[in-house]
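J.: One structure follows; several queries about it will come next.
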Amino acid sequence: MTSRISLTQYLVEKQREKGLIPAELRLLVEVVARACKRISIAVSKGALGGVLGDAGTNNVQGESQKKLDVIANETLLEANEWGGNLAAMASEEMDFSYTIPNRYPKGEFLLLFDPLDGSSNIDVNISVGTIFSVLRLPEGVIDVTDEHFLQPGTKQVAAGYAIYGPSTMLVLTVGDGVAAFTLDRETGSWSLTEDQLRIPEQTKEFAINSSNARHWQPPVAR
């Protein structure tokens, strides 16, 4: 049986051989991945875990928060605040960014995330996911504010998402292509299952979010 490459092995290779990521970023991605495993467990319990239904609050966009929205948000905050790799975090479920408390060491990165995208699907047992992005704290900044998160996408040093469905998958980039890892629920480890993912040049299907059709604008004549 061919041994699979673990998430840690993959990241160490990017760090050692290609010099793409510093050790601090590797550790940060691993912590996010561990938090996603915890969220996967909570999602998979469904009604058995008493986590379905509304939390009775709204997020910054005015959307009704599900109980699992709150649980996933707290999971990511607690997992990442003490590691010393971050200066601050921002979440769709919070009105303002979250600065790392002074009782913990601070790092040079900013973490942004939607802790449980598609949470309205939870009660009908459809796949949901976590989306995250990592930025560098601008040089010379001591007191982090919301403005420091407003950077162009080209400034990202890592980004990815986890899908909690029939299997749990983590899709990740650290600047050298896109890789997909699948969670082995028996061992609790992430294994590389696809590397250098690309959008197909041709396909038989095309999907759009037709619920937003009313917002589409016609092309501007030139």
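The values are calculated or read from the model by the stated rules, or taken from the named source; none is laboratory data. What you see is a predicted model, and the numbers here were worked out from it, not measured in a lab. Reconstructed Cβ throughout: ideal geometry from the backbone, glycine too, with neighbour counts over all protein chains shown.
J.: Taking the stretch 79-116, which residues are closer than 29 Å to Ser44 by Cα and free of Cβ contacts under 8 Å to residues at least 24 places away in the same chain?
T.: Glu81, Trp82, Tyr98, Asp114
J.: Another one. For the stretch 10-34, name all the residues that are in a helix (DSSP H, G or I), of a type outside the set (Ser, Thr, Tyr) and in contact with a strand residue (DSSP E or B) (Cβ under 8 Å, 6 or more places away or on another chain).
T.: Initial filter on the stretch 10-34 (in a helix (DSSP H, G or I)): 10-16, 23-34.
Right, trim to of a type outside the set (Ser, Thr, Tyr) and you get 11-16, 23-34.
The answer is Glu24, Leu25, Leu28, Val29, Val32, Ala33.
J.: I would also like to ask the following. So in the stretch 70-106, with the set limited to residues that are among the hydroxyl-bearing types (Ser, Thr, Tyr) and under 12 Å from Thr130 (Cβ atoms), which one is nearest to the chain's Cα centre (by Cα)?
T.: Ser91
J.: In the set Arg16, Arg38, which member is basic (Lys, Arg), loosely packed, with under 14 Cβ neighbours inside 10 Å and modelled with pLDDT of 85 or more?
T.: Working: Arg38 fails: loosely packed, with under 14 Cβ neighbours inside 10 Å.
Step by step, each of Arg16, Arg38 is checked, and only Arg16 is basic (Lys, Arg), loosely packed, with under 14 Cβ neighbours inside 10 Å and modelled with pLDDT of 85 or more.
J.: Still on this structure, I have one more. Can you give me the ranges of the strands (runs of 3 or more DSSP E) entirely in the stretch 113-222 with at least 3 residues that are in contact with a Lys or Arg (Cβ under 9 Å, 6 or more places away or on another chain) and more than 25 Å from Leu86 (Cβ to Cβ)?
T.: By residue number, 189-194.
J.: Then there's this: Looking only at the stretch 78-101, count every residue that is part of a helix (DSSP H, G or I) and surrounded by fewer than 19 Cβ atoms within 10 Å (Cβ to Cβ) and tell me the total.
T.: Our first condition is that a residue be part of a helix (DSSP H, G or I); within the stretch 78-101, this holds for 78-80.
So of that shortlist, the ones also surrounded by fewer than 19 Cβ atoms within 10 Å (Cβ to Cβ) come out as 78-79.
Counting residues in the stretch 78-101 that are part of a helix (DSSP H, G or I) and surrounded by fewer than 19 Cβ atoms within 10 Å (Cβ to Cβ) gives 2.
J.: Which ones in the stretch 158-173 are of a type outside the set (Phe, Trp, Tyr) and modelled with pLDDT of 95 or more?
T.: Hits for the stretch 158-173 are Ala158, Ala159, Gly160, Ala162, Ile163, Thr168, Met169, Leu170, Val171, Leu172, Thr173.
J.: Separate question: Residue under question is Phe149, and the condition is that it be buried (at least 21 other Cβ atoms within 10 Å of the Cβ) and in contact with a strand residue (DSSP E or B) (Cβ under 7 Å, 6 or more places away or on another chain); does it hold?
T.: no
J.: Pairs please, first residue from the stretch 140-155 and closer than 13 Å to Leu111 by Cα, second anywhere and of a type in the set (Val, Ile, Thr) and part of a loop (DSSP other than H, G, I, E, B), Cβ atoms under 7 Å, 6+ apart in sequence or on different chains.
T.: Close Cβ pairs satisfying both conditions: His148/Val141.
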